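**Student:** Structure provided below as structure tokens; questions to follow.
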Amino acid sequence: MPASTDTSQRRRAQWTTVSTLTFTASANDDGRSLKCYAQFTGGQRQEVSITLRVKRNMLSRGWSFTTPGSITGMRGSCIIVPCSFSYSTSQPANLRVIWYLFQINGYPPVFDERQTVFSKFRGKTSLIGSVTERNCSLKIDRLEMSHNQDRIYPWVDKNPITSYHTVGHTFYDKTSLLIVSDHAQEPQLSIVGIPRVGEQSHVSCNVRHTCISAPPVLTLNGLSGSDRTVDTLVSDGIWERKVERIWTVKEQDQSVKCTVRYQGGQQATSELKLNVECPYEEIKMTEKPGEATEGVANSVICSVSYKCKKNTPTIVWNYKDMQSSLNTKMISTDTYNTVSNLTFIGSLGDDGKSLTCTAQFITGETSDSATISIKKYEKPVEEIDPHESDTFHILAADVPFRFSALTDSCVVIPCSFQYEEDVPLTRGIWSKKTGGIVYHNGRSQVLDHFKDRTRLLGDLNEGNCSLEIDNIKPFDNGPFCFHAEKGNDKYRFNNSCVFIVMKASLEKPVMTQVPKEVEAGSTISVSCSVTHTCPSHPPVFSWSVPNLTSAVSHTGLPGSRGSWETTSTITFMAAGGDGEKSLTCTATSWREKQQASTVKLTVKGSTRRHRHLDQRKGVYVSLKT
């Protein structure tokens, strides 16, 4: 340390000598004595000393620390402020860690050792780690709202800090801001994939916190299952608590709630809608049509299994007008099975086509198909009459060996015979070839299945034995055979058995041609015809236009005994308005089965010049489009 000496005369015969010492004090010089010696000629010596007072500052020890700029904790909970430090030189011995409140009282700042974190928090603080590990982290228990917005910083030395330098950096930025919250944030709910009924699924709920020794409590509600709780260090002082639940998804699972509860009593809840899926299997045709005979009903069954009762499917078939039944049952928890049984009636025109069943669910559909194989009905080589053994007389009858009928409607089977005896037959009887009476004038003799559905339309005295079967069922194929009685005599007839070929749909009506173009106001006549085998209850017609005149006729088809054609003929006026119009004829059978045909025609011009006259006549009409 350099020194300089200056001697001057102050008074007469008195001289003063001043020595000035310039030096740089270090933190270690605090408390040391600084002495000054005066050596006189003649050997006298005097000295004077002072005790150095060196203020300690943040830069004087060559050390630095790392803390977060801010850290958030919940009231009533704990918080850990992470802290680490390092020395640019060798680490001095006997270091200690003290956390201070950052308070500036005037300028330059005055540091008050009494404003330590340890004094303000009154026994709620503790140090984490050790100086040897260069860990100066601070734990604060049971945060209070009065701690909110406090700024704190650490001091690592055996002696307290008394000042700091601001040259080169702002010490304010080195402090940590405590943020104390009294409002719990909602926990985060998440689910892996899409929950599907009957399968295992995974849901988790997580929340971040600052107190691993007293973490918040997470609770899942709304689902039954087992939980696993995991704590993970996300960053210094920040932990994440996660609760995971694995459960088997059920149809009634609508949502899951997660509630977080902190040590200070705060809580928050989140809810997640599950939108569970109801899976289904592929539909299967468990009983296929196989090789069938035309007009003979067969049971075809399709079955599908699925989850969720609310997802019960509609099973549709690609053939209409055929009877089907639907049965659903639970086969296990949340698992159901729906079976559709179709009474399939095929025609020769269906041979080689596909029969398809489709299960239509809320979220999609599934189908299965089979190829239809239809063979023609052939007359058996030998007809066996069920009353052959008790017949005394054999006569000839005229009954077609095969005859068609529309299910649910009626059928009139043509039957005639030649009888030349003077005494007429007293009773006509129809029986199934396999046994059992279909018609008898004694009702008690008739099978229950046919009671009140059969009657004789003909007069036996005139040789007419025609039979009507009403509301005919898909399996009423027969064959049916006619026989008769006169007193105690029994009569059997050759060629008297008929097989009924069922049809599920009414024949499509046929319309006569109409002009492709007509002038507005012109009158048009058109006919619509449909064939059937129910002359006692013929089809009725409806049209898509009002008509001026209409007529219905019923005619037996030549060369086809027992088949009839019903025709509706109308006359209507074409309404104006250029463009293509539709004309539709709809035939409705006995017991409400329908078929329709439509033709197109273009109406040109306007009916304005005809309107006044037509309205006076009350016959102005418009085509429906």
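The values are calculated or read from the model by the stated rules, or taken from the named source; none is laboratory data. Predicted model, so just to flag it, every value in this text is computed and none were measured. Cβ coordinates were reconstructed from backbone atoms using ideal geometry, including for glycine residues, and neighbour counts include every protein chain displayed. Areas reflect the complete protein model, heavy atoms only, side chains present, ligands, DNA and RNA absent. Shrake-Rupley method; radii C 1.70, N 1.55, O 1.52, S 1.80 Å.
**Student:** At a 1.4 Å probe radius, which order do Arg453, Arg134, Arg261 fall into by accessible area, largest first? Don't skip to the answer; put the middle values down first.
**Tutor:** Values: Arg453 25, Arg134 80, Arg261 105 Å².
Ranked from most to least accessible, the order is Arg261, Arg134, Arg453.
**Student:** Where the centroid of each part is defined by its Cα atoms, how far is the range 121-159 from the range 176-237 in Å?
**Tutor:** One Cα centre to the other: 28 Å.
**Student:** Taking 8 Å as the Cα distance limit and 6 or more residues as the minimum spacing, I'd like the relative contact order of the range 198-331 as a percentage. Walk me through the numbers on the way to the answer.
**Tutor:** Working: 202 pairs, mean separation 26.7, N = 134.
Relative contact order for the range 198-331 comes out at 20 percent.
**Student:** Then there's this: Could you state the number of Å between the C-alpha centres of the range 68-90 and the range 517-535?
**Tutor:** Computed from Cα coordinates, the inter-centre distance equals 96 Å.
**Student:** Compute, for Leu101, the solvent-accessible surface of its heavy atoms (probe 1.4 Å) with the complete set of protein chains present, and express it in square angstrom to the nearest 10.
**Tutor:** Looks like 10 Å² after rounding.
**Student:** OK, next. Anything over 32 Å Cα to Cα? Flag those among Lys329/Lys376; Lys379/Lys486; Lys375/Lys581; Lys288/Lys432; Lys250/Lys593, in the order listed. Mind showing how you got there, number by number?
**Tutor:** Working: Lys329/Lys376 38 Å; Lys379/Lys486 29 Å; Lys375/Lys581 42 Å; Lys288/Lys432 28 Å; Lys250/Lys593 43 Å.
Over 32 Å Cα-Cα: Lys329/Lys376; Lys375/Lys581; Lys250/Lys593.
**Student:** Here is a further query. Determine the share of the range 418-475's accessible area contributed by carbon and sulfur atoms, expressed in whole percent, with a 1.4 angstrom probe. Intermediate results must be reported in sequence, preceding the final value.
**Tutor:** Details: 1340 of 3210 Å².
C and S atoms contribute 42 percent here.
**Student:** What aspartates and glutamates could a cross-link reach from Lys503, if we take a straight Cα to Cα line under 13 Å and drop same-chain neighbours fewer than 8 places away?
**Tutor:** Counting by Cα, and skipping residues close in sequence, Lys503 has these aspartates and glutamates nearby: Glu294, Asp321, Asp350, Asp408, Asp476.
**Student:** Can I ask one more? Probe of 1.4 angstrom, ligands and nucleic acids ignored: what's the accessible area per residue over the range 171-237, in square angstrom?
**Tutor:** In whole numbers, the range 171-237 has 53 Å² accessible per residue.
**Student:** Moving on to the next point. Along the charge dipole of the range 238-363, Cβ charges K/R +1 and D/E -1, which of Pro313, Thr269, Gly349 sits furthest on the positive end?
**Tutor:** Farthest along the dipole direction, towards plus: Thr269.
**Student:** Follow-up. Can you give the relative contact order of the range 257-324 as a percent, counting alpha carbon pairs under 8 Å and 6+ residues apart? Spell out each step's value before the answer.
**Tutor:** Values: 57 pairs, mean separation 16.6, N = 68.
Relative CO of the range 257-324 lands at 24 percent.
**Student:** Additional query: Rounded to the nearest 500 deg cm²/dmol, what is the calculated helix-only ellipticity per residue at 222 nm for the chain, with -39500 (n - 2.57) per DSSP H run of length n ≥ 4? Each step should come with its number before you reach the end.
**Tutor:** Working: 2 runs with 14 residues, N = 625.
-500 deg cm²/dmol, from helical runs alone.
**Student:** State, as an integer percentage, the relative contact order of the chain based on alpha-carbon contacts under 8 Å between residues 6 or more apart.
**Tutor:** RCO, the chain: 8 percent.
**Student:** Here's a follow-up. Counting only DSSP beta bridges with both residues in the chain, what percent are antiparallel, rounded to the nearest 5? It would help to have the intermediate numbers written out before the result.
**Tutor:** Numbers: 162 of 183 bridges.
The answer is about 90 percent antiparallel.
**Student:** In addition: If we sort 144-150, 283-289, 424-430 on the protection proxy, mean other Cβ atoms within 10 Å, highest first, what's the order? All intermediate terms of the calculation are to be shown ahead of the outcome.
**Tutor:** Working: 144-150: 14.6, 283-289: 17.1, 424-430: 18.7.
So the peptides 144-150, 283-289, 424-430, ranked by packing, come out 424-430, 283-289, 144-150.
**Student:** Moving on to the next point. Tell me, what ³J(HN,Hα) does each residue in the range 117-131 have, in order and in whole Hz, if you take phi through Karplus 6.51 cos²θ - 1.76 cosθ + 1.60 with θ = phi - 60° and put x for Gly and Pro?
**Tutor:** So the Karplus estimates, Gly and Pro as x, are 4, 5, 6, 5, 8, 6, x, 9, 10, 7, 8, 10, x, 8, 5 Hz.
**Student:** Arranged from highest to lowest average of other beta-carbon atoms within 10 Å per residue, in what order do the peptides 14-21, 499-506 appear? Intermediate values should be presented prior to the final figure.
**Tutor:** Details: 14-21: 9.4, 499-506: 21.0.
Ranking the peptides 14-21, 499-506 by packing returns 499-506, 14-21.
**Student:** Under the Cβ-under-4.7 Å rule, which cysteines of the chain stay unpaired?
**Tutor:** For the chain, the answer is Cys36, because their Cβ atoms have no other cysteine Cβ under 4.7 Å.
**Student:** What angle, in degrees between 0 and 90 and rounded to the nearest 10, separates the Cα long axis of helix 608-617 from the longest principal axis of the Cα atoms of the chain?
**Tutor:** That works out to roughly 60 degrees.
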